[in-house]
Amino acid sequence: MLEIRNLHVKIADEDKVILNGLNLKVAKGEVAAIMGPNGSGKSTLSYVIAGKPDYEVTDGEVLLDGVNILEMAPDERAAAGLFLAFQYPMEIPGVATMTFLKAAMNAQRKQRGEAELTTPDFIKRVNKAADLLGIPKDMLRRPLNVGFSGGEKKRMEILQMTLLEPKMSIMDETDSGLDIDALKIVAEGVNARRDPEHAFLVITHYQRLLDYIKPDTVHVMSRGQIVKTGGAELALELEANGYRDYQSAA
Amino acid sequence: MPAVQETIDQVKAIDVSEYKYGFITDVEMEKPAKGLTEDTVRYISARKNEPAWMLEWRLDAFRRWKTMTEPSWARVHYPEIDFQDIYYYAAPKMNGAPKSLDEVDPAILDAYKKLGIPLREQEILAGVEPQNRVAVDAVFDSVSVVTTFRAELAKAGVIFCSISDALQEHPELVRKYIGTVVPVTDNYYATLNSAVFTDGSFVYIPKGVRCPMELSTYFRINEKNTGQFERTLIIAEEGSYVSYLEGCTAPQRDENQLHAAVVELITMDDAEIKYSTVQNWYPGDANGKGGIYNFVTKRGDCRGKNSKISWTQVETGSAITWKYPSCILRGDGSRGEFYSIAVSNGMQQVDSGTKMIHLGKNTTSRIISKGISAGRSQNTYRGLVSAHRKATNARNFTNCDSLLIGNQCGAHTVPYIESKTSTATFEHEATTSKISEDQLFYCMQRGLSAEDATALIVNGFVKDVLQQLPMEFAVEAQKLISISLEGSVG
């Protein structure tokens, strides 16, 4: 599904190198977790995969189903089935959440050459997904993310993921700022989409989220590289020992 | 929701930044020599067969204008205007006033058709619900070519015609009200307008009448080197209501053209006027060549108690905009509103805002201004809120938001607040924000293109004001804003 080869990335207009020859594979149906200390480049990795313009890829490839997506605009990557749940979702004042959802869903459909959703079909889908995630209807009428609590914003990300039906989803520190109840709802949203067709890359600093989303593989990231790969037990080990062993590995 | 989608579609349909209404109509015109003298004023007045008092009024204005100097306090820059190098009157050649549409030059009818302005009543009547009908006064350069639905409006007692016709048919009404809101000597451009105004609309709503349809005037500058000086006068008698909309376009020309209009609104006890403008004069090219100088004086007088005047403007065109639709809140309990969206792109300069003059007791006003600057444009909000000594319990709420797109444009907010009574409550809020790369990236991650994302964010920004426009115009305005911002991202 997702394959990253020898990825080198620096901040555009600066010399600061953040990713330093990173390699990673996430197979169809797999839930992979990336754990690592602050500043190891986890968030940068997610942004670069999604196409944020602040970074410059100096070497390497990012393949989605065998196609190098690095030359594609962010919206093209989205239409190709890539979704990034943001650590800090943006507020869009004056734009009702429903309006935004419809615009996004139809934009992707259009780009894929599919017919736009009819309004009743759209509303049916939104209501179903919102009920599942415990999102009240009035929240859908409010401007996107404006005045939402941290938990509400994260739930809104999961709602968007559910509606956009991406094949590859990246969760960037989706657990940060969540209480246990919200965390469970978010995890359920992910787990509901786990099947042999979909893949997930879950980026987190803590083991906590992985109690609710059981990963197939765990990668440890440090100084812009994957330094260790293992099964779910690796997360527990990190929880017990911390990242100290990996700080100097790169 | 559908409107937003429509905006997005509209933006998609157009691949380059383009002024849609830049075409030129080839019509034989009648114009006196360029330049401005007493003879020009006499010519205009004679051409319109005006009563003697009107000519005297104009001549008085002209003499005063010669003693005045152009204002320079606005944050706009342009080369000195040569007032002797302008045509002050340009009318399509015809034998007398057209009695029906069949007598109007087909080229002119075609021009309005291209602009999407319906002038044939029969066509409008077909398939349109009566409450959604709009009566149109079409002003082409210096003259009104047609006013629709006059007969039907007359049944309700409403007078809707060109000001030239009003001077023939209702001279007493014009004489009673003209210049009572914007005095002859109000300012340089208003005085100029008083001397040489050529046409415009006249509306009179009698006591207790709710105007049965939307009224609108569509101004078109076509002729080269011609100034358009129109004058609009709207009177709403006790307990009446009218909603009025004006639209403006001009051909794409390399020279700058002057548009100096005066609009006067008067509301008596419990009357209400809702005045909406969608201004889309040619803005000039990307390097600032050509475009309209839009130097306009608009003012409403809430003369009666509990009367209301509401200005809504969507300003996307003109090379330079100098415009402050204002309210004089004279009647006790009267209310003034100003809702504005001013979009500037390219090299456009906007200095616009409002004045809310509280004179009566318990008067209230509300100002919502949304400025959007892109390209290398400069966008200034300039507003005055004042309360007279006797304006006890006056209240104002002002909200000025500016949105910047890119890093070469400017947004400026210049609010003046004066209160001579301790019982007044004035609130002022202002924000300046930039469409951030992060917001754009977020929207694009969800599948929206850069243009769609910008259109969505801008529509969100201006939503409060768009809601004030009549429904069909809100959709139009939304499209216009997106088109104006074409090419501002990327």
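Laboratory data are not the source of any read-out in this text; all were calculated from the coordinates shown. Quantities reported herein were computed from a predicted structural model and do not represent experimental measurements. Positions of Cβ are backbone-derived with ideal geometry, glycine not excepted, and every protein chain shown enters the neighbour counts.
Data for the structure
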| quantity | calculated |
| --- | --- |
| Mean Kyte hydropathy of -0.5 or more with a Cα span along the axis of at least 15 Å, helices from DSSP in chain A | A:119-132, A:150-164, A:180-192 |
| Antiparallel bridges, percent of DSSP beta bridges restricted to the protein assembly as shown (to nearest 5) | 20 |
| Helix-only CD estimate at 222 nm, as mean residue ellipticity for chain B, using -39500 (n - 2.57) per DSSP H run (n ≥ 4) | -7000 deg cm²/dmol |
| Cα-based shape type of the protein assembly as shown, given that a ≥ b ≥ c are square roots of the gyration tensor eigenvalues and the cut on a/c is 1.5 | prolate |
| Coil-residue GluC sites (Glu not before Pro) of region B:233-266, DSSP, other Cβ within 10 Å capped at 13 | B:255 |
| Per-residue Cβ neighbour rank within 10 angstrom, fewest leading, B:78, B:275 | B:78, B:275 |
| Neighbour net charge for residue A:103 - beta-carbon separation under 9 angstrom, K R +1, D E -1 | +1 |
| Along principal axes, Cα extents of region B:166-219, largest first, whole Å | 37, 25, 21 |
| Least to most buried among B:29, A:1 (fewest other Cβ within 10 Å first) | B:29, A:1 |
| Per-residue [θ]222 nm for chain A (sum of -39500 (n - 2.57) over DSSP H runs n ≥ 4, rounded to 500) | -10500 deg cm²/dmol |
| Whether region B:3-484 is rounded, prolate or oblate, judged on the alpha carbon gyration tensor where a/c under 1.5 counts as rounded | rounded |
| Longest exposed-site-free window of chain B, the sites being trypsin sites (Lys or Arg not before Pro) in a DSSP loop that have at most 12 other C-beta atoms within 10 Å | B:100-388 |
| Gyration tensor verdict on region A:65-189 (Cα atoms; rounded if a/c is under 1.5, prolate if a/b is larger than b/c, oblate otherwise) | oblate |
| For B:450-461, mean number of other protein chain Cβ atoms within 10 Å | 4 |
| Cα radius of gyration and Dmax for region A:1-48 (Å) | 11.8, 37 |
| Other protein chain Cβ atoms within 10 Å, averaged over every residue that makes up A:83-93 | 4 |
| Share antiparallel - DSSP beta bridges, chain B, percent rounded to 5 | 5 |
| Loop-located GluC sites (Glu not before Pro) in region A:1-65, at most 11 other Cβ atoms within 10 Å (DSSP) | A:14 |
| Value of relative contact order over chain B, rounded to a whole percent, pairs C-alpha under 8 Å and six or more apart | 12 |
| Environment charge at residue A:174 (Cβ cut-off 9 Å; Lys +1, Arg +1, Asp -1, Glu -1) | -3 |
| Whole-angstrom Cα spans of chain A along principal axes, big to small | 54, 39, 35 |
| Shielding by partners - mean other protein chain Cβ count within 10 Å, residues of B:433-444 | 5 |
| Region B:58-64 - phi-based ³J(HN,Hα) in whole Hz, Karplus 6.51/-1.76/1.60, Gly and Pro as x | 5, 5, 4, 4, 4, 4, 5 |
